Amino acid sequence: MTPSVPAESAPCVYFKQLAPFLPSQLEGFTVTHTQGSTGKYGEVSVSEAERLFTRGEGREVKVRIVDTTMGGKIGQAIRDAAQRAKGRDPSDPAAPILWEDAVGFVRYDEEESLAEANLLVGERFVVAVTSRGFPGTVEVRRVARGIDLAGLARLQ
């Protein structure tokens, strides 16, 4: 993990503060890589931490946590997508995530065996959990549920 800019010059949480909220392990998986950065690009600041887990049979799970000055727009898009899916039955693979510390939407591309859960945590952080090689969205929901979302929501 290599920082792009010093922590004090960006309005986002420094990536090293996000990294502890990434799962340290997932049962049956190997940590393939962990990376993070904090950068400022004109008026936009972005801080992110990511960990990739892999397992035989072409299966992988990636968890990414992002803090950005664009968070308001991204957060609204996530809330809107969750709201549109609100009427779905909880057993529906695309049912929204409406947890105490997070709101989000889930989608699945059957052709690619790619599932994605995008969560807005604490009205600030975006957590994306993606899986490849799994049938449906059960794995991304399970991994998302295992993240300390309450702790992340309290991070300032």
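Observations on the model:
- Across the stretch 145-154, rounded Karplus estimates of 3J(HN,Hα) from the backbone phi angles (6.51 cos²θ - 1.76 cosθ + 1.60, θ = phi - 60°) give 5, x, 7, 6, 5, 5, x, 4, 4, 7 Hz, Gly and Pro being marked x.
- Mean Cβ count within 10 Å, highest first, over the residues of peptides 118-126, 82-90: 118-126, 82-90
- Solvent-accessible area per residue for the chain (1.4 angstrom probe, square angstrom): 53
- With Cα atoms, 0 to 90° folded angle of helix 71-84 axis to the chain main axis: 20
- Euclidean distance between Cα centres, the stretch 116-156 to the stretch 31-82, Å: 10
- Put simply, the Cα atoms of the stretch 18-60 extend 42, 21, 10 Å along their principal axes, the longest span coming first.
- 17 Å reach of a label modelled at residue 57, 7 Å along Cα-to-Cβ, counting backbone N of the stretch 17-45: 26-30
- Taking amide H as placed 1.01 Å from N in the peptide plane, residue 105 has its amide H under 5 Å from the amide H of 97, 118, each at least 5 places away in sequence or on another chain.
- Computed over the stretch 90-138, the Cα gyration tensor eigenvalues convert (square root of 5λ each) into semi-axes of 21, 12, 6 Å, ordered from largest to smallest.
- Computed over protein heavy atoms with a 1.4 Å probe, the carbon and sulfur contribution to the accessible area of the chain reaches 49%.
- Compactness index (Cα Rg / 2.2 N^0.38 Å), the stretch 27-154: 1.05
The values are calculated or read from the model by the stated rules, or taken from the named source; none is laboratory data. Just so you know, these numbers come straight off a predicted model, no measurement behind them. Glycine gets a Cβ as well: all are built from the backbone with ideal geometry, and neighbour counts include every protein chain shown. Side chains are part of the model used for accessible areas, which takes the heavy atoms of the whole protein and leaves out ligands, DNA and RNA. Shrake-Rupley method; radii C 1.70, N 1.55, O 1.52, S 1.80 Å.
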